[in-house]
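Remarks on the structure that follows.
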Amino acid sequence: MATTPTVTHPLDPLTAEEIARTVQVLRRTRGLGEDVRFVEIVLREPEKDELARHRDGEPVGRDASVVLLDPSAQTTYEAVVSLDDHDVRAWRAVPGVQPAITLDEYAECEQAVRADPRFREALARRGITEPDKVMAEAWTLGGHAEPGEEGRRLAWTPCWYRERVEDNAYARPIEGLFAVVDLNTMEVLRVEDTSDVPVPPASGGYRADQVGPLRDDLKPLEIVQPEGPSFTFDGREVRWQKWRFRVGFTPREGLVLHTLAYEDDARWRPIVHRASYAELVIPYGDPSPGRFRTNAYDIGEYGIGPMTNSLELGCDCLGEIRYMDAVVHDSRGTPTTITNAICMHEEDFGLLWKHYDWTAEDAEVRRSRRFVISSIITAANYEYGFYWYLYQDGTIETEVKLTGIVLTSAVHPGDRPEYGRLVSPGLSALNHQHFFCVRLDMCVDGFDNDVHEVHTETVPVGPANPHGNAFKAVATQLRTEREAQQLIDPLNARFWRVSNPTRPNGVGEPVAYKLLPGANVLPFAAPGSDVLQRGGFMQKHLWVTPYAPGERYPAGDYPNQHRGGAGLPEWTQADRSLESTNVVLWYAFGSHHIARVEDWPVMPVVRVGFSLVPDGFFERNPALDVPPPRHACHTNGDQQTSGEEM
Ligand SMILES: [Cu+2]
């Protein structure tokens with residue numbers, strides 16, 4: 001069942017009608033040419049004081065923020081449109097930037113490359129006579145423009161041969177053949193043809209009819225909730241157990257969570273004001289001609305909203321699912337609806353807590369349920385599932401499920417790639433990493449928050465520790481932005497605590513949530529490399545900034561072809577105070593990927609993420625009030641196995 005909410009709240013994303021109205025206002029008042037591209041049309045989200053003033057049922061004032069590209073003038077504009085006044089509130093040219101590449105440009109670039117005589121000649125040299133069977137992807141060029149190309153809007157195009165539409169699109173790389181294209185004019189500036197490696201032979205099929213016999217011993221597994229799910233919607237506000245939050249969506253970030261709060265003792269206690277994936281960078285490690293440019297900022301250089309999948313019940317999601325649609329737009333400003341873009345459901349999550357009392361001979365057991373909010377995007381070869389989990393014990397978790405197809409290059413038969421791994425004869429999967437940056441505008445019981453680094457230390461053996469067994473947690477307040485640039489330290493059990501110094505808990509400590517890292521890694525690209533110049537945020541795992549309205553993306557607003565240094569590295573040079581203020585946590589985490597043969601032809605899901613865990617936020621285990629399982633626990637006496645608890 002899908003719901004298509006209308007605007008009832010200031011944080012509701014723009015509707016299709018509002019996007020169309022924004023475009024109409026801009027066309028009418030600014031005399032825009034037909035070739036102008038609407039890169040991003042998004043709700044101008046109200047500031048916290050505006051939100052606080054809003055009362056249910058009151059009319060909602062709406063503004064749209066717009067990024068436009070005029071290809072003829074090679075100029076980017078930012079505009080704010082009042083949807084109530086049907087007028088432009090603000091309009092400015094932004095010199096020296098390249099906004100994100102739109103999916104329309106991506107498609108038009110491929111057409112331009114296929115039509116280019118130099119490209120066709122290079123294909124013919126490889127025995128490929130049908131250019132329409134060649135897939136040429138528009139990858140951003142980063143800082144690798146050649147002399148004379150500066151200031152142009154550039155893409156380069158790795159390409160693959162796809163004999164039949166049902167073939168794996170990435171099975172047959174055309175090695176060493178790349179075009180560089182000016183996306184404003186769709187002119188192919190140059191064709192690089194540097195290799196005589198043959199196109200690998202295998203088609204890499206992964207569909208059910210391409211992989212041989214399917215296993216036949218899977219019995220049905222149904223998730224049944226006969227009384228329906230235990231969550232409710234009111235517009236885009238969702239309530240489940242003691243959680244309340246709003247579901248947002250932007251063209252750049254996709255799924256966004258707003259105003260996440262927990263009901264405690266008849267009081268709504270805020271925890272996170274806004275949570276989103278604010279950047280995703282994939283640096284690749286192959287220095288070979290052309291391929292050294294391989295990296296993508298999927299959020300900042302493209303925007304993942306339009307890449308969002310329309311989800312299917314029973315496939316992407318199982319059980320009592322509720323969906324929300326998402327509205328996106330193409331580069332001409334035409335809105336389209338992605339049905340079932342956001343999936344919500346609850347899952348049994350095994351054990352919540354248990355104790356067996358040996359003396360009383362009784363067991364108290366509670367089963368855990370978690371609430372799942374998710375969306376899946378397809379970024380060319382890769383799929384990323386973005387999951388947020390809410391638990392009954394107050395924990396918030398986020399996880400990315402990475403799947404899809406690894407990025408490939410071709411090698412001479414018999415050669416072993418140095419910067420990738422063979423996944424099939426003549427086919428290499430390039431070494432790479434995926435870096436995510438989650439932006440968390442925190443609000444732990446209010447906006448007066450402090451941040452501490454906490455780790456555990458061995459106490460030196462001495463009078464205070466004569467037996468050498470002592471260890472203790474040591475907390476250090478991170479008072480400024482520079483102090484808050486941190487790395488994970490799992491061997492010293494490091495985490496970061498966000499507390500509210502104005503709200504003591506029952507044991508006299510400030511109420512707090514902690515950010516608990518999961519697996520993580522650092523980039524292996526050299527510090528001065530283009531990808532790290534533009535994505536300097538990847539060099540630290542944690543950054544903390546005092547909230548500032550314009551600070552939304554860790555690599556800045558326009559990482560595409562940027563000279564570097566923007567975003568977190570730039571803002572935090574001011575070394576602003578982080579004491580008792582509205583803090584924004586930026587947690588960057590990487591998934592390191594040296595491919596396996598088993599990742600081919602489509603890779604099994606890999607997970608990476610982190611948690612926000614209450615740490616003195618509640619007065620006791622907040623899940624004590626979860627009732628025992630409704631049906632008395634029993635052993636499956638007549639079954640060979642007992643599958644009740646795990
Ligand atoms: Cu990967």
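The values are calculated or read from the model by the stated rules, or taken from the named source; none is laboratory data. Predicted, not measured: the structure shown is a model, and the values here were computed from it. Here the Cβ is made from the backbone with ideal geometry for all residues, glycine too, and neighbour counts use every protein chain on show. Heavy atoms of the whole protein, side chains included, go into the accessibility calculation; ligands, DNA and RNA do not. Shrake-Rupley method; radii C 1.70, N 1.55, O 1.52, S 1.80 Å.
The table that follows gives values for the structure above.
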{"quantity": "Residue match in region 611-620 (condition: open to solvent by 40 Å² or more (accessible area, probe 1.4 Å), farther than 30 Å from F495 by Cβ and modelled with pLDDT of 95 or more)", "calculated": "no"}
{"quantity": "Any hit, region 393-411, residues being free of Cβ contacts under 8 Å to residues at least 24 places away in the same chain and open to solvent by 30 Å² or more (accessible area, probe 1.4 Å)", "calculated": "no"}
{"quantity": "Of all residues making up region 252-291, the number that are open to solvent by 20 Å² or more (accessible area, probe 1.4 Å), over 30 Å from A410 (Cβ atoms) and not basic (K, R)", "calculated": "8"}
{"quantity": "Counted residues, region 387-403 - those being within 16 Å of the ligand (Cβ to nearest atom) and in a loop (DSSP other than H, G, I, E, B)", "calculated": "0"}
{"quantity": "Options Y284, Y323: the member that is touching a residue at least 60 places away in the same chain (Cβ under 8 Å), within 16 Å of the ligand (Cβ to nearest atom) and either in contact with an Asp or Glu (Cβ under 6 Å, 6 or more places away or on another chain) or not aliphatic (A, V, I, L, M) (or both)", "calculated": "Y284"}
{"quantity": "Region 1-22 - residue that is over 24 Å from the mean Cα position of the chain (by Cα) and outside any helix (DSSP H, G or I) and, of those, modelled with the highest pLDDT", "calculated": "H9"}
{"quantity": "E483 vs. criteria in a loop (DSSP other than H, G, I, E, B) and at pLDDT 95 or above", "calculated": "yes"}
{"quantity": "Residues located in region 28-52, provided they are surrounded by 15 or more Cβ atoms within 10 Å (Cβ to Cβ), farther than 30 Å from L260 by Cα and without any contact (Cβ under 8 Å) to a residue 40 or more places away in the chain", "calculated": "L32, V36"}
{"quantity": "Scope region 187-224; condition polar (S, T, N, Q) and either at positive phi or at pLDDT 95 or above (or both); matching residues", "calculated": "Q210"}
{"quantity": "Condition met for N469 (out of contact with any Asp or Glu (no Cβ under 9 Å at 6 or more places or on another chain), among the polar types (S, T, N, Q) and within 16 Å of the ligand (Cβ to nearest atom))", "calculated": "no"}
{"quantity": "Among residues of region 132-153, those that are open to solvent by 20 Å² or more (accessible area, probe 1.4 Å), closer than 23 Å to N168 by Cα and over 26 Å from the mean Cα position of the chain (by Cα), counted", "calculated": "2"}
{"quantity": "Test: residue in region 557-580 that is basic (K, R), open to solvent by 30 Å² or more (accessible area, probe 1.4 Å), farther than 30 Å from L69 by Cβ and more than 16 Å from the ligand (Cβ to nearest atom)", "calculated": "yes"}
